[in-house]
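Comments concern the structure below.
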Amino acid sequence: MIFLYRKVKEKAFEIIESGKTPLSKIINITIVILIFLTLITVVASTFDISNSLRIIFSKFEIFATIIFTVEYILRVWTSDLLYPELSPIRARIKYIFSFMALIDFIAILPFYLLFFIKIDLQALRTLRALRLLRIIKINRYTTALKTITQVFKNKANQLISSMVVVGLLMIIASVLMYNFESEAQPDKFSNAFDSLWWAMSALTTVGYGDVYPITVAGKILGIVIAIIGIGMVAVPTGIITAGFSEVLHNKKSKGSNKSSEPNEDEKDEKKYCPYCGHRIDD
């Protein structure tokens, strides 16, 4: 019985994690299709549609949530095979609090909360919007998104450092702009937080135009912040570009190393003379 239990768990782990067997590929494609279809229903439900169509969407949501729930349970159940160096309990805890597992859990949570908690309409809409997080699940099934994730992991420290600098500049700019513009525009720059909205749009060079300085000092500060913003936005862009180059270069290097290694047939051929055909002793 224990042997059968182990074999079933290993088979389940192979199906949901490998992505190499025909059954695993079919399941992965099915889940990706379900994710996109649920996103379509979320967007479509914001339009004025008939009650019959809403009922169809609701039933489809139940079906998709059951599939995602089964997938989540299977991943938690087989997580001790994903982390064989840990005990089963510690492996499951580590997996449950991993990023992708949290996304899986949050994606199905709104459906089950409705059975236990009375929620008003506004909160219900907010919870249903969390279903959009299912799009992040596709990261498991596409190489491109995995590459993007790897880039952000590799360059996390540099990106965080650049974001901290941008945040500090925004705070400084918002406080200065409040001091320059609060008297001239008390309704637009009533506090530093209102100025922070202007600082964000100026530093990111978006410039919505709803809040802007009218005093001379404010305009000068706006010019300086806009110029700094051009450079600051380029910093994380350069970091991410360098990260992509490094990841793609590493993948190409690994691929060339694997291709340069002789396979078993090539090794076997080297044991025989190419001219007479006799075996060459090592």
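Where a number appears in this text, it was derived from the coordinates with a stated rule and is not lab data. As the structure is a computational prediction, the values presented were derived from the model and not from experiment. We place every Cβ from the backbone using ideal geometry, glycine too, and count neighbours over all the protein chains shown.
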Distance violations [Cα-Cα > 18 Å] among LYS94/LYS146; LYS146/LYS251; LYS20/LYS146; LYS25/LYS153: LYS94/LYS146; LYS25/LYS153
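Quick one: if the Förster radius is 30 Å, what FRET efficiency do LYS254 and ARG6 give, using the C-beta to C-beta distance and rounding to 0.05? Show your work: numbers first, answer last.
Working: r = 32 Å, r/R0 = 1.07.
That gives a FRET efficiency of 0.40.
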Phi-based couplings in Hz for region 51-58 (Karplus 6.51, -1.76, 1.60; Gly and Pro marked x): 5, 5, 5, 5, 5, 4, 4, 5
Amide H partners (placed H, <5 Å) of GLN185, local residues excluded: none
THR78 long-range amide H proximity, modeled H, under 5 Å: none
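State, as an integer percentage, the relative contact order of region 142-214 based on alpha-carbon contacts under 8 Å between residues 6 or more apart. Could you put the intermediate results ahead of the total?
Details: 45 pairs, mean separation 18.7, N = 73.
After rounding, I find 26 percent.
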At most 11 other Cβ within 10 Å, DSSP loop - chymotrypsin sites (Phe, Trp or Tyr not before Pro), region 1-51: PHE47
In sequence order, calculated HN-Hα J values of region 109-117 (Karplus, 6.51, -1.76, 1.60; Hz; x Gly/Pro): 4, x, 4, 7, 4, 4, 7, 10, 10
Residue-by-residue Karplus 3J(HN,Hα) for region 89-94, coefficients 6.51, -1.76, 1.60, Hz, glycine and proline x: 5, 5, 5, 5, 5, 4
